[in-house]
1. How many residues, within the stretch 291-343, are assigned to a helix (DSSP H, G or I) and surrounded by 15 or more Cβ atoms within 10 Å (Cβ to Cβ)?
2. Could you figure out which of (1) in contact with a strand residue (DSSP E or B) (Cβ under 6 Å, 6 or more places away or on another chain); (2) farther than 21 Å from Ser259 by Cα; (3) in contact (Cβ under 8 Å) with a residue 60 or more places away in the chain; (4) of a type in the set (A, V, I, L, M, F, W, C) isn't true of Ala331?
3. Given the condition surrounded by 14 or more Cβ atoms within 10 Å (Cβ to Cβ), of a type in the set (Val, Ile, Thr), touching a helix residue (DSSP H, G or I) at 6+ places or on another chain (Cβ under 6 Å) and not in a strand (DSSP E or B), answer yes or no: does some residue in the stretch 248-263 qualify?
4. Scanning for something part of a strand (DSSP E or B), in contact (Cβ under 8 Å) with a residue 60 or more places away in the chain, among the charged types (D, E, K, R) and buried (at least 19 other Cβ atoms within 10 Å of the Cβ), does the stretch 360-367 turn up at least one residue?
5. Return yes or no: is Asp17 more than 30 Å from Pro365 (Cβ to Cβ), surrounded by 10 or more Cβ atoms within 10 Å (Cβ to Cβ) and modelled with pLDDT under 85?
6. Checking the structure you have, find out if any residue of the stretch 59-75 is modelled with pLDDT under 70 and either farther than 30 Å from Thr225 by Cα or not in a helix (DSSP H, G or I) (or both).
7. List every residue pair whose Cβ atoms sit under 6 Å apart, with the two residues 6 or more apart in sequence or on different chains, where the first one lies in the stretch 231-255 and is under 15 Å from Lys303 (Cα atoms) and the second, anywhere, is part of a helix (DSSP H, G or I) and not aliphatic (A, V, I, L, M).
Amino acid sequence: MSNLEAAKTALAEKKGDEALRLAYQAISDARIAQRDALNIAKSAELNAALLQKTTGADELRQTLSAKEQELAKVRTEVRDLQREQDKRSQTLSELQEKNRELTNKRATYSAQVAELSKTLDDIQKRATRAEAELRNYGRDVSNLRRKLEVAERMAKEEGHQKRAVVAEINSLRRQLREQAVIYTEKLAVASRVQTDKQHEDYLKQKAQEARAYVDSQPDLHPPKTGRTSLSTAQIAAGKAALGNWENTWYSKNLDAHLSYYTPGVVTDKVVIHESKEHRNKIDVQQLQSDLREMNTYAWSKVKMDTQVEGESVIGINRLTRLVTPAADENATALYNIWIREVWMHEIGNAWKIHHEVWQIYENVPNF
């Protein structure tokens, strides 16, 4: 029973003092209840405001997290763009270097063409001189023959001059033999000059045909973009492996050389002979057999270039060997030229060759 109800009961029972005391107590309870209600209302308002602020803070935190993610994404994109820019700069540098090499080669080829043209002019002049000398000697021989015929007729017609005529005949015959020897030598020289000229023309024609044929063929090599996912350390390790692979070849350690190939290696073998190209793919067993045969010859190193592409480090090894020495200063030596392009990638902690391209030019000038 509340103080208010107890006060009402005491008032009904005519207990004035008790009823008054309970009434005051009821008023006090009412004030306390009112104060508690106000406190509860204020607490509810505060809780609502706090909840609203907490919700706002969560939203701010979410927004901040989203912005941080966007910022991280932008930073990643900036790094990617920077790497792409670095790669393009590297590619540009490589292209500029290749352009310089091509310019130097063009200058070298121009000098060689000029030298060949000069040699051809000299040969043509020599041929012209030889032909003129041949014509002159031919006329001399004809004159001697006519003189011999006249002398013989004189010998038959004039007996009293027989001795003089016989002496003249013997002299003319001796001169004729001497002129015949000289004529034969001139013929040999002219023939050799003409042969040298034809040889030069043939070599120039075959070189042009070979270059035109090679340019017209589809590219053997996998496409190259100049992009790579390899780190600097991986590239250095790959190039070191290429160097070791190359050293095993020149030291004729063929077993160590073959250890750099994967069991499933694919090799494109191309042989160019007299402007005709023969292509075929060989498996690892045929590759081993062909390498053992090629290792029996004395190959000279021209140069070794390295490139990177994707996950591979590429080595381009150029070798040459003399096949037909030049017969003289006007002839051209012929060579076999072997270009090996190997693609290495990392397997575990080792670098292995998974693809190779051979280009073998047979009996060509050393271009």
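1. Total meeting the criteria: 2.
2. (1)
3. Looking for residues that are surrounded by 14 or more Cβ atoms within 10 Å (Cβ to Cβ), of a type in the set (Val, Ile, Thr), touching a helix residue (DSSP H, G or I) at 6+ places or on another chain (Cβ under 6 Å) and not in a strand (DSSP E or B), one finds at least one in the stretch 248-263, hence yes.
4. Residues of the stretch 360-367 part of a strand (DSSP E or B): 360-364.
Subsequent filtering for residues that are in contact (Cβ under 8 Å) with a residue 60 or more places away in the chain retains 360-364.
Next, from what is left, pick out any that are among the charged types (D, E, K, R): 362.
If we keep only those that are buried (at least 19 other Cβ atoms within 10 Å of the Cβ) as well, we get none.
No, that holds for no residue.
5. no
6. no
7. These pairs meet every condition: Trp249/His257.
The values are calculated or read from the model by the stated rules, or taken from the named source; none is laboratory data. These numbers were taken from a predicted model, which means no experiment stands behind them. No Cβ is skipped: glycine too gets one built from the backbone with ideal geometry, and neighbour counts run over all protein chains shown.
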